[in-house]
């Protein structure tokens with residue numbers, strides 16, 4: 001046996017070992033930790049950001065904000081606050097949770113941020129919230145007798161706290177309201193939710209106005225919506241108030257995409273040392289495969305074999321989710337270059353472009369890529385006439401690419417295409433090098449070669465995108481470290497492939513005779 | 001199926017594919033540390049000079065950006081034309097051949113005209129690494145322009161026909177001559193449209209000619225019959241090519257030569273990653289020939305240059321009594337014993 005053969009045998013042993021280790025890790029994880037091999041039901045994650053704005057006048061500032069908690073259908077995953085220069089503390093006093101920002105002195109417009117992530121999990125049951133103490137409220141005439149009459153009517157047609165509330169709400173929302181209902185609506189107008197609560201308390205029913213968010217993907221600058229919470233014994237139900245967004249929704253309010261920000265009727269925002277305060281909310285929905293259950297079960301188990309990404313904080317997990325996909329993209333490049341023989345400009349540039357596609361969605365990505373590269377080539381054509389040194393020229397191309405991206409973003413936004421903003425996900429330095437290389441290619445080999453290599457790069461990027469955005473592949477790479485060993489083995493095998501490439505079957509077709 | 005060939009047909013014809021070339025030949029026979037001597041044309045030139053192999057005369061090297069403005073005076077002295085090339089260029093990238101000049105206007109081999117300003121920009125780009133592998137900063141070489149051998153000049157439209165010989169472990173295995181055309185801008189690059197003419201290793205006679213991957217019989221620009229082409233001084237061409245292996249230690253080598261009337265074969269450059277188009281030009285696959293060399297024993301590799309060339313000529317001859325495989329192995333065994 002020659003030394004070459006020996007080293008070759010060692011090579012195959014290495015591949016087999018890698019494959020075995022990969023499969024063993026995969027199987028171990030599947031059996032021992034019961035991580036499913038397919039993504040199965042995907043989970044919805046809501047990321048909600050509160051932005052508090054107020055004007056400070058130079059005095060010490062103290063801001064208190066109610067924080068949402070795990071509730072029916074939503075599990076709080078993590079929460080963070082951001083606020084330059086402020087001290088920030090999270091307080092949990094029983095079921096009352098709030099965040100407190102403090103600063104010795106502040107001047108001018110202030111912005112504070114708070115972000116919470118919720119896992120939508122229909123199996124999550126309601127969390128018991130203690131009922132408030134009953135208040136006794138007195139009204140002046142004629143309101144007092146109007147209220148007494150309405151309560152009597154509702155009382156007569158109801159059986160329990162909930163049905164009484166429903167009847168009462170119906171009275172306020174009928175098409176031809178009673179005369180004293182109109183009178184009350186006029187008199188109380190803004191305090192209408194409070195009036196309802198007070199009326200219920202009068203009828204010895206514990207109730208309060210809580211504040212909820214209507215969860216809608218991609219919404220910005222949303223306000224909290226008051227919702228009526230009524231207790232019966234230990235449990236409670238929610239009722240939409242007439243005239244609010246939820247009231248128009250069909251079906252049961254308990255089923256709506258509603259997140260309670262504050263659950264007991266305490267104030268949502270208190271600002272000491274500032275005025276003109278507002279609180280607005282932005283929210284984004286994300287789909288993640290088998291995320292919550294796996295993450296929860298794995299993050300608590302630490303042993304060597306459970307070398308898991310899930311042990312990291314959520315932010316870092318998101319980064320690793322991308323990093324672990326890179327080998328898949330690189331594998332696609334290997335296959336296309338070694339087995340097919342596609343020519344690309346820059347070996348792994350297509351993988352980075354594909355990563356950008358994952359962020360932007362395919363169509364937006366491809367259009368953005370073509371726009372940026374073609375505009376860049378035009379500008380680069382002019383630069384080549386200026387006789388610049390190479391480094392300066394590439395820097396000029398980088399600046400041009402950034403300018404192109406900025407202009408497109410602004411234009412797209414003005415036209416109303418928020419998709420256009422995603423163009424900023426492109427790796428600009430890489431794009432600049434691509435433009436530079438294609439431009440030189442154009443000068444030296446002509447436009448045909450540019451089309452071949454540019455098309456090859458784009459095709460590779462699209463295929464890599466498909467692989468990297470496939471839910472099954474995402475699930476496997478993220479949850480099974482063994483997949484990396486298998487990819488490694490495949491890449492090593494490809495590296496020793498000495499057969500023909502697909503394109504060579506065409507290149508050497510003259511030998512057919 | 002019309003546009004494709006089956007892989008087993010390729011294997012049967014002994015066509016060398018890109019992957020096998022990279023793994024089995026470049027990867028196996030060309031140690032990485034030897035690459036700089038061939039990738040850098042300046043180093044190649046010094047090496048060749050030490051070994052007494054003629055190369056184009058070096059007129060100047062331009063190493064710094066501030067020299068770019070000063071080399072005009074050197075250019076103006078070159079009444080016979082000159083060649084500008086990057087020391088680390090690959091695949092003929094960045095090579096400019098100037099045949100005539102008047103004041104600040106230069107005539108390229110392809111017939112197009114460039115200004116001094118254009119040349120300065122070109123050199124500046126070269127120094128910045130535009131044409132070099134990996135974009136590393138580079139050096140520009142100013143060389144004399146080789147006078148085209150009169151006989152070969154008839155077959156070229158413009159520019160310099162060059163001879164490419166593939167040398168495996170010191171044995172010339174395949175050769176072609178590349179004839180510049182109008183389409184190739186006077187360059188001897190096949191993918192740019194130069195004509196590739198496969199040559200019989202035994203005699204240096206044309207076997208087959210292709211342009212853009214298609215078989216042709218006449219030169220597309222001047223209508224010369226390509227079948228009549230026979231490279232003069234063929235023995236010394238093969239000998240120089242074979243010696244380049246000893247010079248560099250590279251076991252899979254593309255040797256590019258030109259024929260000069262006085263000096264004979266002149267070494268243009270060496271290539272550690274020679275392309276596969278030579279198979280198309282010859283109409284023959286490289287693989288069977290390479291495998292014959294693969295099978296050689298260590299001892300037979302130590303043959304002197306003349307013997308190696310003679311062996312190649314018997315083994316790889318196109319027409320003559322081409323010996324069948326068994327006979328050949330007897331020959332090899334006899335030599336190695």
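The values are calculated or read from the model by the stated rules, or taken from the named source; none is laboratory data. The model shown is predicted, which means the values in this text are computed figures rather than measured ones. In this analysis, Cβ positions are derived from the backbone assuming ideal geometry, glycine residues included, and neighbour counts consider all displayed protein chains.
One line per residue, one yes/no per condition, for (1) within 14 Å of chain B (Cβ to nearest Cβ); (2) within 26 Å of the chain's Cα centre (by Cα):
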site	(1), (2)
A:428	no, yes
A:437	yes, no
A:457	no, no
A:462	no, yes
A:466	no, yes
A:482	no, no
A:489	no, no
A:502	yes, no
A:512	yes, no
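Every residue in the range A:215-228 that is touching a residue at least 40 places away in the same chain (Cβ under 8 Å) and either surrounded by 21 or more Cβ atoms within 10 Å (Cβ to Cβ) or touching a strand residue (DSSP E or B) at 6+ places or on another chain (Cβ under 6 Å) (or both), please.
If we filter the range A:215-228 for residues that are touching a residue at least 40 places away in the same chain (Cβ under 8 Å), which is where we start, we get A:215-224, A:228.
Selection gives A:215, A:217, A:219, A:220, A:221, A:222, A:224, A:228.
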Exercise. With (1) touching a helix residue (DSSP H, G or I) at 6+ places or on another chain (Cβ under 8 Å); (2) within 11 Å of chain A (Cβ to nearest Cβ); (3) crowded, with 17+ Cβ neighbours inside 10 Å as the list, and residue B:202 as the residue in question, which single condition is left unmet?
Worked result: (2)
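Looking at A:37, A:19, A:25, can you tell me which residue is outside any strand (DSSP E or B), modelled with pLDDT under 85 and more than 25 Å from residue A:278 (Cα to Cα)? Before you say what the answer is, go through the steps one by one.
Working: A:19 fails: modelled with pLDDT under 85; A:25 fails: modelled with pLDDT under 85.
Selected residue: A:37, the only one of A:37, A:19, A:25 that is outside any strand (DSSP E or B), modelled with pLDDT under 85 and more than 25 Å from residue A:278 (Cα to Cα).
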Exercise. Are there any pairs with C-beta distances below 7 angstrom linking a residue in the range A:93-105 that is closer than 17 Å to residue A:80 by Cβ to a residue that is modelled with pLDDT of 80 or more and not in a strand (DSSP E or B), with the two at least 6 apart or on different chains, and if so which?
Worked result: A:97/A:67; A:97/A:69; A:98/A:67; A:99/A:67; A:101/A:86
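List the helices (runs of 4 or more DSSP H) that sit entirely inside the range B:1-85 and contain at least 2 residues that are within 14 Å of chain A (Cβ to nearest Cβ) and either under 23 Å from residue B:101 (Cβ atoms) or touching a helix residue (DSSP H, G or I) at 6+ places or on another chain (Cβ under 9 Å) (or both). Give the derivation first.
Details: elements: B:7-13, B:35-39, B:41-51, B:72-76.
In the range B:1-85, B:7-13 are the helices (runs of 4 or more DSSP H) which contain 2 or more residues that are within 14 Å of chain A (Cβ to nearest Cβ) and either under 23 Å from residue B:101 (Cβ atoms) or touching a helix residue (DSSP H, G or I) at 6+ places or on another chain (Cβ under 9 Å) (or both).
Got at least one residue in the range A:492-500 being crowded, with 21+ Cβ neighbours inside 10 Å, farther than 20 Å from residue A:329 by Cα, modelled with pLDDT of 90 or more and within 14 Å of chain B (Cβ to nearest Cβ)?
yes
Can you name the residue in the range A:468-480 that is in contact with a strand residue (DSSP E or B) (Cβ under 9 Å, 6 or more places away or on another chain) and surrounded by 15 or more Cβ atoms within 10 Å (Cβ to Cβ) and is also nearest to the other protein chains (Cβ to nearest Cβ) among such residues?
A:474
If we scan the range B:291-299, do we find a residue that is buried (at least 21 other Cβ atoms within 10 Å of the Cβ) and under 19 Å from residue B:177 (Cβ atoms)?
The answer is no; no qualifying residue exists.
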Seminar exercise, completed: Across (1) surrounded by fewer than 16 Cβ atoms within 10 Å (Cβ to Cβ); (2) modelled with pLDDT of 75 or more; (3) outside any loop (DSSP other than H, G, I, E, B), residue A:279 clears everything bar (1)
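Working carefully through the options A:338, A:328, find the one that is touching a residue at least 60 places away in the same chain (Cβ under 8 Å), within 14 Å of chain B (Cβ to nearest Cβ) and in a helix (DSSP H, G or I).
A:338
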Exercise. So which of B:94, B:89 ends up being in contact with a helix residue (DSSP H, G or I) (Cβ under 6 Å, 6 or more places away or on another chain), within 14 Å of another protein chain (Cβ to nearest Cβ), buried (at least 20 other Cβ atoms within 10 Å of the Cβ) and within 20 Å of residue B:160 (Cα to Cα)?
Worked result: B:94
Problem set entry | Matching entry among A:97, A:104, A:115, A:109 (being within 19 Å of residue A:271 (Cα to Cα) and out of contact with any strand residue (DSSP E or B) (no Cβ under 8 Å at 6 or more places or on another chain)) | A:104
For this session: Would you check if there is a residue in the range B:97-112 being over 25 Å from residue B:263 (Cα atoms) and under 19 Å from the mean Cα position of the chain (by Cα)?
Result: no
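Quick check on residue A:383: is it surrounded by 17 or more Cβ atoms within 10 Å (Cβ to Cβ), within 14 Å of chain B (Cβ to nearest Cβ) and at pLDDT below 85? Show your work before the answer.
Numbers: surrounded by 17 or more Cβ atoms within 10 Å (Cβ to Cβ): yes; within 14 Å of chain B (Cβ to nearest Cβ): yes; at pLDDT below 85: yes.
Spelling it out, residue A:383 is indeed surrounded by 17 or more Cβ atoms within 10 Å (Cβ to Cβ), within 14 Å of chain B (Cβ to nearest Cβ) and at pLDDT below 85.
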Exercise. Among the residues of the range A:241-264 satisfying the criterion of being closer than 20 Å to residue A:190 by Cα and at pLDDT 80 or above, which is surrounded by the fewest Cβ atoms within 10 Å (Cβ to Cβ)?
Worked result: A:241
Problem set entry | Conditions (1) within 16 Å of residue B:278 (Cβ to Cβ); (2) at pLDDT 90 or above; (3) not in a strand (DSSP E or B): number failed by residue B:178 | (3)
Exercise. On the given criteria, is residue B:189 more than 22 Å from residue B:61 (Cα to Cα) and either within 14 Å of another protein chain (Cβ to nearest Cβ) or surrounded by fewer than 17 Cβ atoms within 10 Å (Cβ to Cβ) (or both)?
Worked result: yes
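Which ones in the range B:181-191 are closer than 20 Å to residue B:229 by Cβ and more than 13 Å from the chain's Cα centre (by Cα)?
Of everything in the range B:181-191, those that are closer than 20 Å to residue B:229 by Cβ and more than 13 Å from the chain's Cα centre (by Cα) turn out to be B:181, B:182, B:183, B:184, B:186.
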For this session: Counting only residues that are within 22 Å of residue A:393 (Cα to Cα) and touching a helix residue (DSSP H, G or I) at 6+ places or on another chain (Cβ under 9 Å), give me the helices (runs of 4 or more DSSP H) lying completely in the range A:406-513 with at least 1 of them.
Result: A:428-445, A:447-469
Exercise. Is there a residue being more than 27 Å from residue A:286 (Cα to Cα) and more than 14 Å from chain B (Cβ to nearest Cβ) anywhere in the range A:350-369?
Worked result: no
